[in-house]
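Participant: My structure is below; once you've seen it, I'll send some questions.
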Amino acid sequence: THFGFKNVDKAQKASMVADVFHSVAGKYDLMNDLMSMGIHRLWKRFTIDCSGVRQGQKVLDLAGGTGDLTAKFSRIVGNTGQVVLADINDSMLKVGRDKLRDRGILGNVEYVQANAEALPFPDNTFDIITIAFGLRNVTDKDKALASMYRVLKPGGRLLVLEFSKPEYELLNKVYDAYSFHLLPKIGQLVANDAESYQYLAESIRMHPDQETLKGMMEQVGFEQTTYHNLTGGIVALHRGFKF
Ligand code: SAM
């Protein structure tokens, strides 16, 4: 396709990703519900459950976009804790901030425009870092993982929720047909934007599979790394600790 992913340089990929999220920001939540038939809510709930988050903790919701995880974390960490929603894209940050403020989620949430590859926080800052459906969009994933490791406190954990490789061949085929044929059509109908959803399908196919991502996390220092397949491996939740 015109995205010609394998042939673009890093700056081009970053600017394509920026265009995609500027374009979809306003319809992002609606599209998420439609495309996943609401199941993304369960994947996110599971992520919170696996985070072990407690009152008073400091959480980074990286590539946090429209703030679904931030909203949940904010309630749990309470007034003595803090959640930082960081995203590279100001359109997504604005939609997220407006949504959370409308829901009365204030006080313990901070919004930061930042690139996951070069996080603007001191070493050993956060108890928990999540990156949900974000790592796939990052140009240099190893650099981003190393940056997350640096800002995590010793004893802290990273959770990566991301599309992954379906566990069964049949599911793989059905899923491919869905994402390459139906998804851009839904994108066209609802958001008048087939291209961004074509990008989504391609970025999912290019993303490292479960074992590869686990290895990448270990490479930058994460320990006790595990992953849990969700919905037959369409999505996986990876977890790793910094000790
Ligand atoms: N985490 C949210 C969720 O699960 O609904 C939003 C996910 S959205 C698919 C991906 C987000 O990653 C977008 O908001 C995009 O701007 C952000 N993103 C892409 N590249 C990034 C980078 N290098 N650093 C930080 N955020 C990035």
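The values are calculated or read from the model by the stated rules, or taken from the named source; none is laboratory data. Treat the numbers as computed from the prediction; the structure is a model and nothing was measured. Cβ atoms come from the backbone with ideal geometry, glycine included; neighbour counts cover every protein chain shown.
Condition check ((1) basic (Lys, Arg); (2) in a helix (DSSP H, G or I); (3) closer than 23 Å to Val20 by Cβ) across all residues:
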{"site": "Ser91", "(1), (2), (3)": "no, yes, yes"}
{"site": "Lys99", "(1), (2), (3)": "yes, yes, yes"}
{"site": "Ile105", "(1), (2), (3)": "no, no, no"}
{"site": "Asn115", "(1), (2), (3)": "no, no, yes"}
{"site": "Phe121", "(1), (2), (3)": "no, no, no"}
{"site": "Glu167", "(1), (2), (3)": "no, no, no"}
{"site": "Tyr175", "(1), (2), (3)": "no, yes, yes"}
{"site": "Lys185", "(1), (2), (3)": "yes, yes, yes"}
{"site": "Val190", "(1), (2), (3)": "no, yes, yes"}
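Participant: Out of segment 199-218, which residues are of a type in the set (S, T, N, Q) and either loosely packed, with under 13 Cβ neighbours inside 10 Å or free of Cβ contacts under 8 Å to residues at least 12 places away in the same chain (or both)? Spell out how you get there, then give the answer.
Facilitator: Narrowing segment 199-218 to residues of a type in the set (S, T, N, Q): 203, 210, 212.
Of everything in segment 199-218, just one residue is of a type in the set (S, T, N, Q) and either loosely packed, with under 13 Cβ neighbours inside 10 Å or free of Cβ contacts under 8 Å to residues at least 12 places away in the same chain (or both), namely Thr212.
Participant: Check segment 29-50 and report whether any residue there is under 21 Å from Gly240 (Cα atoms), within 15 Å of the chain's Cα centre (by Cα) and among the charged types (D, E, K, R).
Facilitator: The answer is yes; a qualifying residue exists.
Participant: Related question: Of everything in segment 25-54 that's in a loop (DSSP other than H, G, I, E, B) and farther than 14 Å from Thr130 by Cα, which residue is farthest from the ligand (Cβ to nearest atom)? So that I can check it myself, show each step before the final result.
Facilitator: Pass one, segment 25-54, residues in a loop (DSSP other than H, G, I, E, B): 37-39, 52-54.
So of that shortlist, the ones also farther than 14 Å from Thr130 by Cα come out as 37-39, 54.
On the way: Met37: 15, Gly38: 13, Ile39: 12, Arg54: 21 Å.
The qualifying residue farthest from the ligand (Cβ to nearest atom) is Arg54.
Participant: Can you pull out the residues in segment 69-79 that are crowded, with 23+ Cβ neighbours inside 10 Å and in contact with a Lys or Arg (Cβ under 9 Å, 6 or more places away or on another chain)?
Facilitator: The one that is crowded, with 23+ Cβ neighbours inside 10 Å and in contact with a Lys or Arg (Cβ under 9 Å, 6 or more places away or on another chain): Leu69.
Participant: Considering Asp87, Asp49, Asp29, Asp33, which residue is within 25 Å of Ala118 (Cα to Cα) and charged (D, E, K, R)?
Facilitator: Values: Asp49 fails: within 25 Å of Ala118 (Cα to Cα); Asp29 fails: within 25 Å of Ala118 (Cα to Cα); Asp33 fails: within 25 Å of Ala118 (Cα to Cα).
Only one candidate qualifies: Asp87.
Participant: Give the residues of segment 60-111 that are in contact with a Leu (Cβ under 8 Å, 6 or more places away or on another chain), of a type in the set (Asp, Glu) and more than 14 Å from the ligand (Cβ to nearest atom), sorted by residue number.
Facilitator: If the condition is that a residue be in contact with a Leu (Cβ under 8 Å, 6 or more places away or on another chain), of a type in the set (Asp, Glu) and more than 14 Å from the ligand (Cβ to nearest atom), then Glu110 is the only one that fits.
Participant: Ok, one more. Restricting attention to segment 202-216, and to residues there that are among the aliphatic types (A, V, I, L, M) and under 15 Å from the mean Cα position of the chain (by Cα), which single residue is farthest from Asp140 (Cα to Cα)?
Facilitator: Here is the first cut: in segment 202-216, the residues among the aliphatic types (A, V, I, L, M) are 204, 206, 213, 216.
Restricting the remaining residues to those that are under 15 Å from the mean Cα position of the chain (by Cα) gives 204, 213.
Numbers: Ile204: 16, Leu213: 13 Å.
Residue satisfying both the conditions and the ranking: Ile204.
Participant: Here is a follow-up. List every residue pair whose Cβ atoms lie under 6 Å apart, where the two residues are 6 or more positions apart in sequence or sit on different chains, the first residue falls within segment 121-134 and is within 12 Å of the ligand (Cβ to nearest atom), and the second residue, located anywhere, is assigned to a strand (DSSP E or B) and aromatic (Phe, Trp, Tyr).
Facilitator: Taking only residues 6 or more apart or on different chains, not a single pair turns up.
Participant: Cβ contacts < 8 Å: first residue at pLDDT 95 or above, restricted to segment 29-57; second residue hydroxyl-bearing (Ser, Thr, Tyr) and in a loop (DSSP other than H, G, I, E, B), any location; separation 6+ or different chain. Result?
Facilitator: Gln55/Thr80; Gly56/Thr80
Participant: Among the residues of segment 192-230, write down those that are within 20 Å of Thr47 (Cα to Cα) and either in a loop (DSSP other than H, G, I, E, B) or at pLDDT below 95 (or both).
Facilitator: Ile204, His207, Pro208, Asp209, Phe222
Participant: Kindly indicate which of Asn172, Asn229 is touching a helix residue (DSSP H, G or I) at 6+ places or on another chain (Cβ under 9 Å) and free of Cβ contacts under 8 Å to residues at least 40 places away in the same chain.
Facilitator: Working: Asn229 fails: free of Cβ contacts under 8 Å to residues at least 40 places away in the same chain.
When all the criteria are applied, what remains is Asn172.
Participant: So, in segment 158-206, how many residues would count as being in contact with a Lys or Arg (Cβ under 7 Å, 6 or more places away or on another chain) and of a type in the set (Ser, Thr, Tyr)?
Facilitator: Residues flagged as in contact with a Lys or Arg (Cβ under 7 Å, 6 or more places away or on another chain) and of a type in the set (Ser, Thr, Tyr) within segment 158-206 amount to 1.
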